[in-house]
1. Per DSSP helix of 4 or more residues, -39500 (n - 2.57); summed, then divided by the residues of the chain. What does that give at 222 nm, rounded to the nearest 500?
2. Highest mean first, what order results for 114-121, 224-231, 65-72 on Cβ atoms within 10 Å?
3. With equal scatterers on the alpha carbons only and no solvent term, can you work out the Debye log10 of I(q)/I(0) for the range 111-254 at 0.14, 0.16, 0.17 1/Å?
4. What spacing in nm lies between the two simple spin-label points modelled at Ser231 and Glu73, each 7 Å away from Cα in the Cβ direction?
5. If you stretched the chain out fully between Thr202 and Thr132, how much longer would it get, using 0.36 nm times the residue separation minus the C-alpha to C-alpha distance?
6. Report ³J(HN,Hα) in whole Hz for each residue of the range 156-171, in order, from the Karplus equation J = 6.51 cos²θ - 1.76 cosθ + 1.60 where θ = phi - 60°; Gly and Pro get x.
7. Based on the Kirkwood radius over alpha-carbon pairs, what is the Stokes-Einstein translational diffusion coefficient of the range 3-253 at 10 °C with 1.306 mPa s viscosity, in µm²/s?
8. Taking the highest mean first, how do the peptides 238-249, 102-113, 123-134 order by number of other beta carbon atoms within 10 angstrom per residue?
Amino acid sequence: MTDFEALVLGVIQGLTEFLPVSSKGHLVIGETLLGLRLTSLTFELLVHFATLGAVLVVLRARIWRVLRERDVEYVGKLALACLPVGAAGFVFKDAIERVFHDPAITGFGLLFTGCVLFGIRFVPRGERTAPTRGGALVIGLAQTLALFPGVSRSGMTIAAGLLVGLVGSGAAEFSFLLSLPVILAAVALQAVEIQGSTGGFTPSAMIIGFVSAFVVGVFAIRAVYRLLAHSRFGDFAFYCWPAGTLFLLYLALR
């Protein structure tokens with residue numbers, strides 16, 4: 001991998017991990033259209049660490065407040081929201097691995113994401129800053145949909161948060177804090193598989209990939225908050241629909 005490819009993949013990871021456009025879906029599109037196949041678990045681990053760092057930096061005040069006040073109830077709701085995706089990932093692991101790199105599923109996943117994002121444009125504004133236990137479970141169930149490539153994790157969880165009555169900032173905050181255990185789980189699995197391998201990357205490529213994913217990730221998280229504040233989050237439907245449609249047309253005609 002060249003330094004330029006590391007930069008491109010880092011930017012893609014930083015943007016799509018948090019914007020509601022599916023990081024897995026764009027990885028599949030990159031593999032199909034550009035041949036940018038991310039074969040190294042080392043690099044994937046690196047960019048996951050970068051996006052993890054982006055969440056910690058942007059939400060550091062909220063995380064510190066939860067720890068300082070020992071907000072067990074909020075942490076419990078995050079844990080509850082993690083249960084559905086953990087159970088689904090364990091039970092359907094083989095099936096998920098089979099569809100992960102399926103280009104057609106990615107295209108339809110983007111169309112589905114667009115429909116969900118368009119739908120939340122008509123959801124009344126909520127007033128809650130944190131979900132109830134039932135709301136946390138609904139958000140967790142929505143997160144399982146993102147096991148399919150093309151379906152955005154942030155899109156599904158923020159949409160579910162708005163649906164259960166959260167204000168935009170509360171939905172984003174819960175979604176991004178919920179991403180921490182998800183990213184940590186991915187990092188742990190990749191670390192076990194790597195077992196000390198460097199993946200053959202040059203130090204410059206690894207640094208460029210990490211920094212670009214981190215910086216762009218910070219920008220993307222803050223952009224989501226701004227979009228929600230101005231009720232523009234659902235506008236990403238008008239990106240997901242043409243992206244999914246054009247990708248499916250490409251697959252049909254190639």
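1. -25000 deg cm²/dmol
2. Put in order of decreasing packing, that is 114-121, 224-231, 65-72.
3. -0.79, -0.96, -1.04
4. 3.0
5. Result for the pair: 20.5 nm of gain on full extension.
6. These are the phi-based 3J(HN,Hα) values: 5, 6, 5, 4, 5, x, 5, 5, 8, x, 7, 5, x, 5, x, 5 Hz.
7. Stokes-Einstein gives a translational diffusion coefficient of 87 µm²/s.
8. Listed from highest to lowest mean packing, they are 102-113, 238-249, 123-134.
Each reported figure results from applying straightforward, stated rules to the coordinates on display, with no laboratory input. Keep in mind the model is a prediction, meaning the values are calculated, not measured. In this analysis, Cβ positions are derived from the backbone assuming ideal geometry, glycine residues included, and neighbour counts consider all displayed protein chains.
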